[in-house]
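Notes follow the structure.
The values are calculated or read from the model by the stated rules, or taken from the named source; none is laboratory data. All values reported here derive from a predicted model rather than from experimental measurement. When we count neighbours, we look across all protein chains shown, and the Cβ atoms used for this are built from the backbone with ideal geometry, even at glycine. Surface accessibility is based on the protein's heavy atoms, side chains included, excluding ligands, DNA and RNA. Shrake-Rupley method; radii C 1.70, N 1.55, O 1.52, S 1.80 Å.
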Amino acid sequence: MILAHTSVDVHRALTVSPHPIGFVPTMGALHDGHASLFDVARASCATVVASIFVNALQFDQQSDLERYPRPLERDLEICREHGVDIVYVPDHETMYPSDFSTVVSVGRLGRILEGAHRPGHFDGVATVVTKLLSAVRPDVAYFGQKDLQQVAVIERLNSDLDLGVEIRTEPTVRDDDGLALSSRNVRLSETARRQALAIPRALEFARDTARSVGASPTEVSRSMYEQLTASGLKVDYAIVLDADSFQESDSITDRSVALIAATVDGVRLIDNCFLRADH
Ligand code: AMP
């Protein structure tokens, strides 16, 4: 496994690497959700590249950035175990030298939901992903459905900027109790973790409700919201949207997705599921 610290190192390693090149960008603190992306990439690409970079630009809270876990040695071990060929680990100054001044901003998609609650978040995501895709120039890039709005933002910039990367979205990996794996879960106390299970429960409930004849997206959204607040969570949004337009629709369709962002004991969690699919 090759460790690259600059985009020049990445280019050098890739000139002798066979295509297709699969790429998995991450912020580290790797878990089985990230590993599942490495495995899918490994199964269909000749070269697998991962990046580990805690992108300060996408954090709206300095304390969240400071508390973000950075277990680099363990992360590299996980990359090695899952067959990653090249790991790109730039530092902040390499990515953003003092004269760095470009911002990639995708418009409405970047301003709603997560974008509304975390101002500047998606500009940070779009900017770093554009840089990473430009450095690695993969054939395929893999992202988790857990961050569905993020994937929509990336699809938008990939299309708008003619980057020509195939964007793949892979299902959310969950713990046995249903909680979506997240690098932030380590910050949950035992009690908070139990409380956080209200999120997958509300999504399951949304699915069940959506199956009953005549249920509207608004009704499903309202009952998710009520369930979550009744469980003591601070809800930023609990909403059913069309996954392609990220707009509300009048009725539930195969593209209807329920999205939740809620805070438990100071830890903000997001999750989602399609209402008519098993993920
Ligand atoms: P992060 O390190 O949080 O920036 O995530 C890196 C990638 O892993 C993103 O594409 C995430 O959507 C994806 N990811 C994070 N958690 C999960 C999960 N539980 N299941 C599947 N993919 C995930």
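Side notes on the structure shown:
- Each residue in the range 116-147 was checked for being touching a strand residue (DSSP E or B) at 6+ places or on another chain (Cβ under 9 Å), surrounded by fewer than 21 Cβ atoms within 10 Å (Cβ to Cβ) and of a type in the set (Gly, Ala, Ser), and 1 pass.
- Within the range 173-189, residues that are at positive phi have Cβ atoms under 7 Å from residues that are within 13 Å of the ligand (Cβ to nearest atom) in these pairs: 178/200, counting only partners at least 6 apart in sequence or on another chain.
- Meets criteria (over 22 Å from residue 267 (Cα atoms), in contact with an Asp or Glu (Cβ under 8 Å, 6 or more places away or on another chain) and open to solvent by 50 Å² or more (accessible area, probe 1.4 Å)) for residue 5: yes
- Among (1) within 16 Å of the ligand (Cβ to nearest atom); (2) open to solvent by less than 30 Å² (accessible area, probe 1.4 Å); (3) under 15 Å from residue 59 (Cα atoms); (4) modelled with pLDDT of 95 or more - the single one residue 183 does not satisfy: (4)
- The set of residues from the range 248-258 being of a type outside the set (Ser, Thr, Tyr), out of contact with any Asp or Glu (no Cβ under 7 Å at 6 or more places or on another chain) and open to solvent by 10 Å² or more (accessible area, probe 1.4 Å) comprises 248, 250, 252, 254.
- Verdict on residue 23 being under 19 Å from the mean Cα position of the chain (by Cα) and assigned to a helix (DSSP H, G or I): no
- Residue 16 meets all of the listed conditions (1) more than 16 Å from the ligand (Cβ to nearest atom); (2) of a type in the set (A, V, I, L, M); (3) touching a residue at least 24 places away in the same chain (Cβ under 8 Å) but one, namely (3).
- Restricting the range 95-115 to residues that are among the small types (Gly, Ala, Ser) and over 16 Å from the mean Cα position of the chain (by Cα) leaves a set whose member that is least open to solvent (accessible area, probe 1.4 Å) is 107.
- Candidates are the residues of the range 29-53 that are more than 8 Å from the ligand (Cβ to nearest atom) and part of a loop (DSSP other than H, G, I, E, B); the one that is farthest from residue 140 (Cα to Cα) is 53.
- Qualifying residues in the range 20-48 (those that are aliphatic (A, V, I, L, M) and without any contact (Cβ under 8 Å) to a residue 40 or more places away in the chain) - the one most open to solvent (accessible area, probe 1.4 Å): 43
- Qualifying position, being within 27 Å of residue 164 (Cβ to Cβ) and open to solvent by 20 Å² or more (accessible area, probe 1.4 Å), among 51, 17, 63: 17
Quick grid of which residues meet (1) at pLDDT below 95; (2) open to solvent by 80 Å² or more (accessible area, probe 1.4 Å); (3) farther than 30 Å from residue 23 by Cα:
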position	(1), (2), (3)
168	no, yes, no
175	no, no, no
190	no, yes, yes
194	no, yes, yes
214	yes, no, yes
221	no, no, yes
234	no, yes, yes
246	no, no, no
